Structure formats: C-alpha cells, structure tokens
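*Asks:* Structure in structure tokens, see below.
The values are calculated or read from the model by the stated rules, or taken from the named source; none is laboratory data. Since this is a predicted model, take the numbers as computed values, not measurements. Quick reminder, even Gly has a Cβ in these numbers, built from the backbone with ideal geometry, and neighbours come from all protein chains shown.
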Amino acid sequence: MPDSKAIFLKDATVNAADGDQRAFIRKALGGYYTNRDLQKARYRDWERARDAASLAKWSAVNDLANVLEKFTANFERNGGVVHWARDAAEARAIILKIAEDAKAKAIVKSKCMTSEEIHLNDALEKAGYGVVESDLGEFIQQLRGEAPYHFVFPCMHVKREAISELFTKHLGTAPTDSPEELTMIARRHLRQLYVDADIGITGANFLVAETGQISITENEGNARLTAALPRIHIALSGIEKVVNNLDDLSVLLPMLATAGAGQPMTCYNTLYSGPRKKGECDGPEEFHIVLLDNARTRLLSDPEQRDALHCIRCGACLNVCPIFKNIGGLAYGTTYQGPIGSVITPHLRGLKQWNHLSGASSLCGACTDACPVRIDLHHHLLHNRRNAAKESPTLFDRAFHNGFNFVIKRPWLFATGGRIFRATLPLLQKLPLPYMGAWMKTRDLPKAPSQSFRDQWKNQNV
Amino acid sequence: MSDARSDIFARIREALKVKAPKPHLKTDANPGKTSTVAKPWLPDGGETADASLTILAEQLAKLKAVLIRVPDKAAAAKAVAELSAAKNWKKVAFHGHELLRPIAASLPCETWEADASFDKQRLEGCDAGITTCESIVAQLGSILVSSATSGGRALSVLPHVHVVVAEASQVVPDLGEALALAKARHGDQMPSMLSFITGPSRTGDIERILVLGAHGPKELYLVLIG
Ligand code: SF4
C-alpha cells in the first residue's frame, strides 16, 4: 500500500469519528450555504451563466497553444518578463534566481496554491530568505506549520482559542476570543512587512490573452499590497489559467465569488499589466510571470478529462462534498483537496499512488452540480477508477472480475451460488470477512430473503 | 537540450491533437462575445440610469460600504470635510486630480497629494486616502479604480479609510460595460493596475466569521455627485 493511501485511511478514520470537529465544520459552512443561495438568486439564469462560464474556459483550454502565445506576447509588450517551467524544480530555480539577482532579503507572499504545489516556501527559506504569508488564513497555517485545510479557506478547521494561543506564542500578543481582534493583530503585524519587503509573490486567477493582463481575486487586500509596495512582483501560474479576453471575466469573476464564497463579487479583483508605467507614482520596477506545466499537459492529453483544467479553484465542490465535510481537508494529503483534488492529483502525481482518492466519493454528484464551469467531477472519479483497474489491476481486482465473469455467464452456477449464499448468510454475519473489515466495522449484513430475485419475479402474480 | 518554452508548446500541441468534445451544456449558450451573450443571465444591473442607481445603493448597503449622494462639487467637499471632522482624521492623502484638490483644501487636517511625491512609509501613516475612479458597476456594487485615476496602486488600499469621489454619470450597469469602457478609454495603453473594489476589505478566515478591514481599508465611502 503506498504511504499516501495508508495516511489517508488513518486520518479519514480518525476524523470521521470526531463528531465535535465535524459539527464545527458544518457550522462554519452554514453561513456559506445561505449567502450562496441568496447571491445565486440574483442571477437571472444561473444554469445558462454556467454554460457561458464553461464555454469561456473550454475555448481557451482547447486552443491553449495559440491563446498562451497571444498572452505572453502581450504580457511582454506591457513590459513584463515571461519564464517557463516544465516542472516544480524549474519553477523554484527561476524564482530563486530572480531573488538572488535582486539581492533580496525579505519576501512577502499573497495566497497562491500553485506555490504550495511546488513547495516554494521551503525552497526560499532554505536559501536564507525570510518569507511571510500575508493572507490571514495562510499566515495562521504558516505559523502552525501545517498545509492549508481547504484551498480557499485555509484554516477553517482552527478554533479561535487555538489562533489566540498561536498569536500569543509567536507574536507575544494578549489572548483574546474575538475574531475581529485576532484579525487586527495580524493586520498590525503584517503592515510593516509589506513596506519592507523587496519581492512580492502572488498567484493569478486568470491570464487574459487579449490584453496580457493577469487577474487576481482576493478579499483582504493583501494581494493588492503585495503587488504595490515591493520592488519586484513575481506571479506564479499554471498554464491553464488563460482566458481569451476581458469579456470572459464579466461572467467568470462574479461566478467565482458566488460559487466559492457566496459573495456577489470578491472584494478585490485586480488586473495587472506590467510593472510601474511611465508617469505612475508607485508599483514594482520589475514584473515577472512564471508559467508552470508540472503535468498539466498530461491532463490535457486526456480528452475525456481535459475539462478538469477548466477549474477556476472556487472551492464550491469542497464545500458541498460529504466526504470533505466528514474527513476534513488535511486527510487528502494533496495541494488541492476535495473532489477536484481527487480528480486531478492522480494525473499530476501518478495514478498508482493516488488512485485511492477516486474512492473518496459517494458519487452523489453534489460536486458536479456545484461547479460553476460544469466540470463532470463525479464521473471523472469513476473514470479514474476504471483507468486504475485497467492500468494496474490488483490481484483482488483480477480474481474478482474473472470469477464474476465466469459465474455470470453460467446461469445454473449463478443460481446455485445464490442458494448457497442465502443459506450461509446467517453464518457469515458472525465471521470476520476478508477484505471487508473496514466496511463491516460500522455496518451489519442484511437479512437473507427466502427467494432469489429471479424466483420472486417468476412467481409474482401479475 | 531544448528550452522549457518549446518543450511545453510541443507537449500542448501533441496533447491537443485529440479533440475534446464541446462541454455538455444544458442550454443553447454560444461562445462569442461573452458579455453580450451572457448579459441577460447575470445579475441585473438596471435598464435605466435611475434603475442602476437604485441597484447600486442596495448593493453598497449589503457590502457595508457607505454611499453619500450630493448635488454638486461644493456639497461633496462639505460632506468629506464633515466626515473628516467626525472621524478625527489627522492626515489624509489624496490623488492629484482637479476634482479632488478643492475637496482636500477644505479638510480640517493635514493633507498630502500622494502621487506628487510618493512615499510608502508616509502613506502608511495616513488615516484616509481620497481618489477618483474609472467607473462604478451597479450590478455588483463594485468601484473600478486604476493606477491612473487613483494615485497609483497603494493609495486606494493602504490607508485605513478609502473615500471615492465620482460623478453619477460614471455609474454603468454591469461588469461587461465597465471592462469595455476601460478598453475603449485606454486601448493598448492600459494602466498597470485596474482594480474592482467591492466593499471594504474583509476576511472570514477565522471560523468563517466576517471581519472588515483585513489588510485593506476598514471603511469605504462613495461620494456620488449629481
Ligand atoms: S472543480 Fe469546479 S467547483 Fe471545484 S473548485 Fe474547480 S471550478 Fe470550483
């Protein structure tokens, strides 16, 4: 069993039994459901708006080479520098080189899941740079030394008492149980760090080919400050984030906010095109973008699941997922949690080690219904299960399917087997069944019916 | 060894040799000019100027931003001066714009034209920043600022309070129109930053409880003339 699977099973078992924590997560998401429904109701046709959003991403992803070429040409025309990274190591090397050339000391970051994907903080800290996360949730997770729990709400699982203790320990502030006071502590602490930082690192939510702008969505204003005050701005983005034009944003920006956080629009949606222009009083002198592949082209080459690249990382599929709500985000052990993470991680990191995530679904389809760009999430989980069974079937898979095949083609054997099974079921209920341990721990076998379905059908009085 | 750029492009071209079907759509949506095609499906931004203003007022109230409507420039100056006195501002930074200079002159405190001699440390010490804007989106309650109309990048986000002074004619119904207007106005010379500000800065990171003033302004005022 790969480690990732063993860890997943252990964490999932522990978390699912923690009723307190589950109730806390349910409560935290309660307000989201209400606000999301209120905002959705303002759409005159949410379903068609989803179609438009889906088409906007589909047309860019399926013409990726041309759209990327256009984006980078315009980005350079605006005075920015484009870097390409085939994998995580190349992306880290590029960013380290920029920092080294700039003789930087302090780096401030705003929330960027792609940087989690490439483990950027570790690399920067090892090289001796001070790195501080400025998004409140990420800042808290950085102090806790823990990965984000949810890629939109990074510390939604942490109670205020724990945050207060954390701040007392690291920042020496007085304990408080007010979320407002805790937020102000972080605000005061981070202010001077923005002013002093040499480099600001951000992600990008959309890359606009038509104008060469990048679009960043955030609520706190920390990305605004990160891209305003330091001398150098580096944006790190996956290559799939491109859209054709500004027009597409008129659908995607509001839908991202409504689906993901139940807002009409996220507080700051900012378009950046290049470093400080002539005549502008502030802004960075250099603007770099690092465009990352890191196995995205592998996902692109699977036409059946290519639409997983349409994801705008709103987090809606996590918020509605019964599995996420019960086992929590950390159990996944992935950068991207929840249904979308379970779909793409096997592509990005290997099906063999990560196929267990395809089973982390009840196939209820809540994720697919929630997705603003209509990614067929729960079917993709099935597709991954099928692909894994094809690619590297386990001994059990093979024995089971061969056996099933053999029996189902022989009706007399099927009937005899059924009779034996019905007769021995009361006995089986008392025995520990191989392969069924985890399942049986919380479940009982049903009572055996007196007749098989086929007999019942034959004997019915219609 | 080939470089990363050509490698990635080769991988993309190879991957796209197999076509993916068009997404399975529930409706008859067509690709094309998204803002026109999708406009009737998105939240309403108002058909007339009056309807837009009504929607704008509702949205701003929900966002906890404050809308102050005034008949003319003199009244705008008076409104901002009253605000300044009530909130006891000591230092106010403003964007060097003909609409804003007389307003700044009428304030009962120290004022500073931030873009004329930019200094981030000094800006950090200001109680409020006053700017103009590109346009205002009724549909979502968003105010579009840019590095050209708002004294650069930091003035509209670093001080604790942000005051926007605008003419009522700058209100547009929806996001699509605001973007089209910015494109028409700046062409391929876009300001290096364009930002839709939708309410005061906020976070829900602690137990998903809403707190205003995370890193950006805690208070947002829109003074609308006319
Ligand atoms: S898959 Fe869809 S719902 Fe999930 S994060 Fe991506 S865009 Fe949002």
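*Asks:* Name the single residue, out of those in the stretch B:36-52 being surrounded by 21 or more Cβ atoms within 10 Å (Cβ to Cβ) and part of a helix (DSSP H, G or I), that is nearest to the other protein chains (Cβ to nearest Cβ). Working first, answer last.
*Replies:* First, the residues of the stretch B:36-52 that are surrounded by 21 or more Cβ atoms within 10 Å (Cβ to Cβ): B:38-39, B:42-43, B:45, B:52.
Next, only the ones that are part of a helix (DSSP H, G or I) stay: B:38-39, B:52.
On the way: B:Ala38: 4, B:Lys39: 8, B:Ser52: 15 Å.
If we take residues in the stretch B:36-52 being surrounded by 21 or more Cβ atoms within 10 Å (Cβ to Cβ) and part of a helix (DSSP H, G or I), then B:Ala38 is nearest to the other protein chains (Cβ to nearest Cβ).
*Asks:* Sticking with this structure for a sec: Hey, any hits in the stretch A:161-184 for a residue that's assigned to a strand (DSSP E or B) and under 24 Å from B:Leu220 (Cβ atoms)?
*Replies:* Of the stretch A:161-184, the ones assigned to a strand (DSSP E or B) are none.
Checked the stretch A:161-184: no residue is assigned to a strand (DSSP E or B) and under 24 Å from B:Leu220 (Cβ atoms).
*Asks:* Against the condition closer than 25 Å to A:Cys314 by Cβ and either within 10 Å of another protein chain (Cβ to nearest Cβ) or among the basic types (Lys, Arg) (or both), how does A:Asp51 come out, does it pass? Can you show your working first?
*Replies:* Working: closer than 25 Å to A:Cys314 by Cβ: yes; either within 10 Å of another protein chain (Cβ to nearest Cβ) or among the basic types (Lys, Arg) (or both): yes.
Judged against the criteria, A:Asp51 is a match.
*Asks:* In the set B:Arg202, B:Arg185, B:Arg208, B:Arg153, which member is farther than 30 Å from B:Glu82 by Cα, over 11 Å from the mean Cα position of the chain (by Cα) and facing another protein chain (nearest Cβ under 7 Å)?
*Replies:* Numbers: B:Arg202 fails: farther than 30 Å from B:Glu82 by Cα; B:Arg185 fails: facing another protein chain (nearest Cβ under 7 Å); B:Arg153 fails: farther than 30 Å from B:Glu82 by Cα.
Result: B:Arg208 is the single residue among B:Arg202, B:Arg185, B:Arg208, B:Arg153 that is farther than 30 Å from B:Glu82 by Cα, over 11 Å from the mean Cα position of the chain (by Cα) and facing another protein chain (nearest Cβ under 7 Å).
*Asks:* Moving on to the next point. Criterion first (modelled with pLDDT of 95 or more, touching a strand residue (DSSP E or B) at 6+ places or on another chain (Cβ under 9 Å), more than 13 Å from every other protein chain (Cβ to nearest Cβ) and in a loop (DSSP other than H, G, I, E, B)) does B:Cys126 satisfy it? I'd like the intermediate steps shown before the answer.
*Replies:* Values: modelled with pLDDT of 95 or more: yes; touching a strand residue (DSSP E or B) at 6+ places or on another chain (Cβ under 9 Å): yes; more than 13 Å from every other protein chain (Cβ to nearest Cβ): no; in a loop (DSSP other than H, G, I, E, B): yes.
Judged against the criteria, B:Cys126 is not a match.
*Asks:* Still on this structure: Among all residue pairs at least 6 apart or on different chains, which show Cβ distances below 6 Å where the first residue, located in the stretch A:178-197, is not assigned by TED's automatic domain parsing to the domain that holds A:Ser134 and the second is not aliphatic (A, V, I, L, M)?
*Replies:* Once the first residue is not assigned by TED's automatic domain parsing to the domain that holds A:Ser134 and sits in the stretch A:178-197, no partner that is not aliphatic (A, V, I, L, M) comes close enough.
*Asks:* Can you spot a residue in the stretch A:287-308 that is more than 8 Å from every other protein chain (Cβ to nearest Cβ), within 25 Å of B:Ile143 (Cβ to Cβ) and not hydrophobic (A, V, I, L, M, F, W, C)?
*Replies:* no
*Asks:* So which residues in the stretch A:243-271 are within 22 Å of A:Ala227 (Cα to Cα), assigned to a helix (DSSP H, G or I) and either of a type in the set (Gly, Ala, Ser) or away from the ligand (no atom under 16 Å from the Cβ) (or both), if there are any at all?
*Replies:* Across the stretch A:243-271, the qualifying residues are A:Leu246, A:Ala257.
*Asks:* Sort out which residues of the stretch A:16-35 are surrounded by 13 or more Cβ atoms within 10 Å (Cβ to Cβ) and of a type in the set (Val, Ile, Thr), and write them in order of number.
*Replies:* A:Ile25
*Asks:* Of the residues B:Ala93, B:Ala86, B:Ala79, B:Ala104, only one is in contact (Cβ under 8 Å) with a residue 60 or more places away in the chain and part of a helix (DSSP H, G or I); which? Give the derivation first.
*Replies:* Values: B:Ala93 fails: part of a helix (DSSP H, G or I); B:Ala86 fails: in contact (Cβ under 8 Å) with a residue 60 or more places away in the chain; B:Ala104 fails: in contact (Cβ under 8 Å) with a residue 60 or more places away in the chain.
Among B:Ala93, B:Ala86, B:Ala79, B:Ala104, only B:Ala79 is in contact (Cβ under 8 Å) with a residue 60 or more places away in the chain and part of a helix (DSSP H, G or I).
*Asks:* With respect to B:Ser169, is the statement that it is surrounded by 24 or more Cβ atoms within 10 Å (Cβ to Cβ) and either assigned by TED's automatic domain parsing to the domain that holds B:Leu99 or touching a residue at least 40 places away in the same chain (Cβ under 8 Å) (or both) true?
*Replies:* On the way: surrounded by 24 or more Cβ atoms within 10 Å (Cβ to Cβ): no; either assigned by TED's automatic domain parsing to the domain that holds B:Leu99 or touching a residue at least 40 places away in the same chain (Cβ under 8 Å) (or both): yes.
No.
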